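Worksheet: the structure to be examined is printed underneath.
The values are calculated or read from the model by the stated rules, or taken from the named source; none is laboratory data. In this text the structure is predicted, and so the values were computed from the model without any measurement. A quick note on method: Cβ atoms are made from the backbone with ideal geometry, for glycine too, and the neighbour counts reach across all protein chains shown.
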Amino acid sequence: MIIPPQNHIYNEDQKMTLITWSDELKRGIGFQDDDHEEAVKVMNALQTCTDEELPALFDQLHSHTKEHLDRENELMVRIRFFAIEVHKGEHDRVLAEMQSFKEKLDAGEIAEVRKYVEETVPEWFINHLNTMDTATAQFARQHGET
Ligand SMILES: [Fe+2]
Ligand SMILES: [Fe+2]
């Protein structure tokens with residue numbers, strides 16, 4: 001499915017990527033859709049937060065992402081998803097990346113972390129949702145998951 005551009009707009013002047021949650025982003029697996037909606041809320045909050053608010057929101061993004069990816073990994077095991085290695089490998093990669101930015105945040109490298117949450121994270125999220133998550137959800141629905 002192609003996501004209309006209004007769902008995902010990087011604003012060059014304001015340096016933010018706001019995602020509009022809508023049914024078009026749902027893939028028909030309840031926990032996955034709920035988690036993705038929650039992720040959008042946290043990602044959007046990160047676009048407009050103050051430097052003081054950034055660490056707590058980043059921690060929220062990190063822990064939510066870890067829990068969500070664990071749930072998707074469990075789903076893939078349960079349904080014996082054919083591309084589990086690739087999909088789980090991408091989950092591991094993004095978690096390691098997030099951890100490295102957590103360390104930058106702890107070291108006070110705010111500008112780098114801002115760029116990461118304003119561009120890289122939302123771009124990754126939409127791309128990942130449209131590819132690996134979509135394929136997994138489709139396979140899961142075919143195997144009776146809802
Ligand atoms: Fe996901
Ligand atoms: Fe995923």
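General remarks:
- Selection within the stretch 36-66 - more than 12 Å from LYS102 (Cβ to Cβ) and within 10 Å of the chain's Cα centre (by Cα): HIS36, GLU37, GLU38, ALA39, VAL40, VAL42, MET43, HIS64
- Within the stretch 67-85, tally of residues that are loosely packed, with under 12 Cβ neighbours inside 10 Å and more than 14 Å from ligand 1 (Cβ to nearest atom): 4
A quick yes/no check of all residues on (1) out of contact with any strand residue (DSSP E or B) (no Cβ under 8 Å at 6 or more places or on another chain); (2) among the hydroxyl-bearing types (Ser, Thr, Tyr); (3) within 16 Å of ligand 2 (Cβ to nearest atom):
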{"position": "GLU103", "(1), (2), (3)": "yes, no, no"}
{"position": "ASP106", "(1), (2), (3)": "yes, no, no"}
{"position": "GLU123", "(1), (2), (3)": "no, no, yes"}
{"position": "ILE126", "(1), (2), (3)": "no, no, yes"}
{"position": "ASN130", "(1), (2), (3)": "yes, no, yes"}
{"position": "GLU145", "(1), (2), (3)": "yes, no, yes"}
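- Looking only at residues of the stretch 1-49 that are loosely packed, with under 13 Cβ neighbours inside 10 Å and under 13 Å from VAL117 (Cβ atoms), we find that the one that is modelled with the lowest pLDDT is LYS15.
- Flag for HIS64 being away from ligand 2 (no atom under 12 Å from the Cβ) and not charged (D, E, K, R): yes
- In the stretch 109-146, the qualifying residues are those that are hydroxyl-bearing (Ser, Thr, Tyr) and over 20 Å from VAL42 (Cα atoms), and the one that is surrounded by the fewest Cβ atoms within 10 Å (Cβ to Cβ) is THR146.
- Figure legend. Inter-residue proximity from the stretch 21-32: first residues free of Cβ contacts under 8 Å to residues at least 40 places away in the same chain and farther than 15 Å from ALA135 by Cα, second residues part of a helix (DSSP H, G or I) and charged (D, E, K, R), beta-carbon distance below 7 Å, spacing 6+ or different chains. Indicated pairs: TRP21/GLU37.
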